[in-house]
Amino acid sequence: MDKYPDQKRAVQYLYPPIDPFDQRLVSVGDGHQIYMEQSGNPDGVPVVVLHGGPGGGCSPAMRRYFDPRVFRVILFDQRGCGKSRPHASVEDNTTWHLVEDIERLRSLLDIDEWTVFGGSWGATLALIYAQTHPDRVSRLVLRGVFLATQAELDWFYGGGAGKFWPEQWAKFTALLSEEELSDTIAAYNKRLFSGDRATEVLYGRAWSAWENALASIHSNGSTGESPGEYARAFARLENHYFTNNAFLQKDGQILDHMDRIAHIPGHIVQGRYDMICPPHAAWSLAERWPNVELKMVRHAGHALSEPGISAELVRIMDRVAEGVA
């Protein structure tokens, strides 16, 4: 669910910045083109990075969790966000379109199987992709687990997290009527898809600010104002997915299908004080996954940039590089 991590605190654990050796727009059908890039070793161990949101887009910092001598790192912006086009579009934009896009990229790049690395919504998508194509995933590395259940949405958009952050919850709900507080996702949906650009930007910024305020354990609640077009795209895409329960057939589907990927080695890195995706989801996932290593990071929240989370993710990928994970 995050795009702009506070890189200063985590940077000491990351590999040096690198530039991609391949950047392009890939047509995936339905009028969509997705931005894709590759960095690191062209002949290395392939790893695909799935960003959060939905709608967050990838960032250059995401290349830096992997030893560039060992890994072939593939990043892409999911439909409608980042450098993908059309921007902020929700047409033909569902979880299953994204799963098809991942497979299209794998085939295009002539990769037999790859490590899938994702956080927050990226973890959700990684699990769904793996459950759909278990023969194409060699390993899963997940951070800040979100299982796309109604209980998780109720926690974050129904007032649960707001009990810890009442000031920010008050700002998030101030744009709604009293009657709309019973379903803030639906209330925001009306404004984010109103057709009036100014209204969509206003509500997009409020939606994004609520999430950004809670992302880091170091947050004081002050997030600054997100760029209007980024906030609008992020909020529209995220709200679209959450309005449709991530386009899953039933609530709890990911946990119910864990038998499909029980054989795949996995790693979960979870902030103990994650306000956006509370640790219970990661724990529940690990309980149904015999081949997983769960690491609860003691002093961390949700953001990729939490120092303990960044350090743990790099440690895991270094172990994979050494063949000991």
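Some notes on this structure:
- The condition (being more than 22 Å from Asn212 (Cβ to Cβ) and surrounded by 24 or more Cβ atoms within 10 Å (Cβ to Cβ)) is satisfied by just one residue among Tyr129, Tyr65: Tyr129.
- The sole residue among Val116, Val90 that is over 26 Å from Asp22 (Cβ atoms) and either part of a helix (DSSP H, G or I) or touching a helix residue (DSSP H, G or I) at 6+ places or on another chain (Cβ under 7 Å) (or both) is Val90.
- With respect to the conditions (1) modelled with pLDDT of 95 or more; (2) in contact with an Asp or Glu (Cβ under 7 Å, 6 or more places away or on another chain); (3) farther than 24 Å from Trp114 by Cα, His267 lacks only one, and its number is (3).
- In the stretch 246-275, the residues that are open to solvent by 10 Å² or more (accessible area, probe 1.4 Å), touching a Leu at 6+ places or on another chain (Cβ under 8 Å) and either part of a loop (DSSP other than H, G, I, E, B) or within 29 Å of Ala88 (Cβ to Cβ) (or both): Gly252, Pro265, Met275
- Candidate set: the stretch 181-196, residues that are free of Cβ contacts under 8 Å to residues at least 24 places away in the same chain and part of a helix (DSSP H, G or I); chosen: the one nearest to Lys171 (Cα to Cα): Leu181
- Close pairs (6 angstrom Cβ cut-off, 6 or more residues apart or separate chains): farther than 10 Å from Leu75 by Cβ and hydrophobic (A, V, I, L, M, F, W, C) in the stretch 39-62, open to solvent by less than 20 Å² (accessible area, probe 1.4 Å) and modelled with pLDDT of 95 or more anywhere: Val45/Phe71
- Flag if Tyr188 is open to solvent by less than 20 Å² (accessible area, probe 1.4 Å), closer than 22 Å to Gly82 by Cβ and hydroxyl-bearing (Ser, Thr, Tyr): yes
- Search result, residues across the stretch 309-325 that are in contact with a Lys or Arg (Cβ under 8 Å, 6 or more places away or on another chain) and modelled with pLDDT under 95: Ala325
- If you go through the stretch 56-73 and pick out every residue that is in a helix (DSSP H, G or I) and touching a strand residue (DSSP E or B) at 6+ places or on another chain (Cβ under 8 Å), you end up with 3.
- Here Gln78 clears all of (1) open to solvent by 20 Å² or more (accessible area, probe 1.4 Å); (2) in contact (Cβ under 8 Å) with a residue 40 or more places away in the chain; (3) part of a loop (DSSP other than H, G, I, E, B) except the condition numbered (1).
- Among (1) outside any helix (DSSP H, G or I); (2) in contact with a Phe, Trp or Tyr (Cβ under 8 Å, 6 or more places away or on another chain); (3) of a type outside the set (Phe, Trp, Tyr) - the single one Thr223 does not satisfy: (2)
- Evaluated against (1) open to solvent by less than 50 Å² (accessible area, probe 1.4 Å); (2) under 24 Å from His51 (Cβ atoms), Gly160 falls short on exactly one condition, (2).
The values are calculated or read from the model by the stated rules, or taken from the named source; none is laboratory data. In this text the structure is predicted, and so the values were computed from the model without any measurement. Using ideal geometry, Cβ is built from the backbone for each residue, glycine included, and neighbour counts are taken over all protein chains shown. Protein only, heavy atoms only, side chains kept; ligands, DNA and RNA dropped before computing areas. Shrake-Rupley method; radii C 1.70, N 1.55, O 1.52, S 1.80 Å.
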